[in-house]
Amino acid sequence: MRFALAVLTLLIVVNVKAAAKDVTDWREVQKLRAGTEVRVVDKSGNVVDGYLTSVSPDELKLNALVTNLPGLSTPAVFPRRDVREIYKLGKKYERHLSGRNLILASTIGMAGGIAIGAAVDHGYPNAEDPGQGKLVGGVLGFFTGPAVLAIARAVASGLHRTKLIYRAPPDQTNGISQFGSSQIRTRNSLLIPC
């Protein structure tokens, strides 16, 4: 009971601290490291994705991703007064597991299943089939390993979601953002001519 109260108190304190974060503070943008993947929305609503190169009190510099050519980026500079919102983009793990990861997860699961089966066989010996626990554990582990890996990847994707880092105060933008949460998660970038 005490443990549950401690965990509940910790969760409430963390949520209150997260809710109290001031998103109009430019210093939060300055804390981002170079190379962080960000999305910048300017005053006119243009969306640019890219990798942060530097942030000063007056401007933001990044290598903007070019939409039509994957892997190609071009330098972009945004004066602070022209920035409406900045998002730190989260990592998205692919749904599909590569063959190597699938085999590795199956092997680890099978080894764990055999180890648990061996412990069961040792604790409850059976004269008819002495290796039954190892066999059942190995088969279950073989199929459970990839499932555990897929669940872990889904949890990691959920923890590394896109976060709002900065929103210009309403007096600078003449209102609030026009972008909803569904539009923020898209990967569309501004087309920058080369």
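The values are calculated or read from the model by the stated rules, or taken from the named source; none is laboratory data. From a predicted model like this one, the values you see are computed outputs, not experimental measurements. Cβ placement follows ideal geometry from the backbone for every residue including glycine, while neighbour counts extend to all protein chains displayed.
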* **Per-region count, region 120-160, residues surrounded by 14 or more Cβ atoms within 10 Å (Cβ to Cβ) and in a helix (DSSP H, G or I)** => 21
* Restricting to region 41-63, what's the tally of residues that are in a strand (DSSP E or B) and either of a type in the set (V, I, T) or farther than 14 Å from Y87 by Cβ (or both)? -> 9
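Yes or no, residue by residue, for (1) in contact with a strand residue (DSSP E or B) (Cβ under 7 Å, 6 or more places away or on another chain); (2) hydrophobic (A, V, I, L, M, F, W, C); (3) modelled with pLDDT under 90:
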| residue | (1), (2), (3) |
| --- | --- |
| G35 | yes, no, yes |
| T53 | yes, no, no |
| N68 | no, no, yes |
| L89 | yes, yes, yes |
| G99 | no, no, yes |
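For every residue, the table says whether it meets (1) touching a residue at least 12 places away in the same chain (Cβ under 8 Å); (2) over 30 Å from V29 (Cα atoms).
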{"site": "L97", "(1), (2)": "yes, yes"}
{"site": "L140", "(1), (2)": "yes, yes"}
{"site": "G145", "(1), (2)": "yes, yes"}
{"site": "I151", "(1), (2)": "no, yes"}
{"site": "V155", "(1), (2)": "no, no"}
* So which residues in region 76-119 are part of a loop (DSSP other than H, G, I, E, B) and of a type outside the set (A, V, I, L, M, F, W, C)? -> G90, K91, K92, Y93, E94, R95, H96, S98
* To do: Name the one entry in E94, E128 that is modelled with pLDDT under 85 and over 29 Å from the mean Cα position of the chain (by Cα).
  => E128
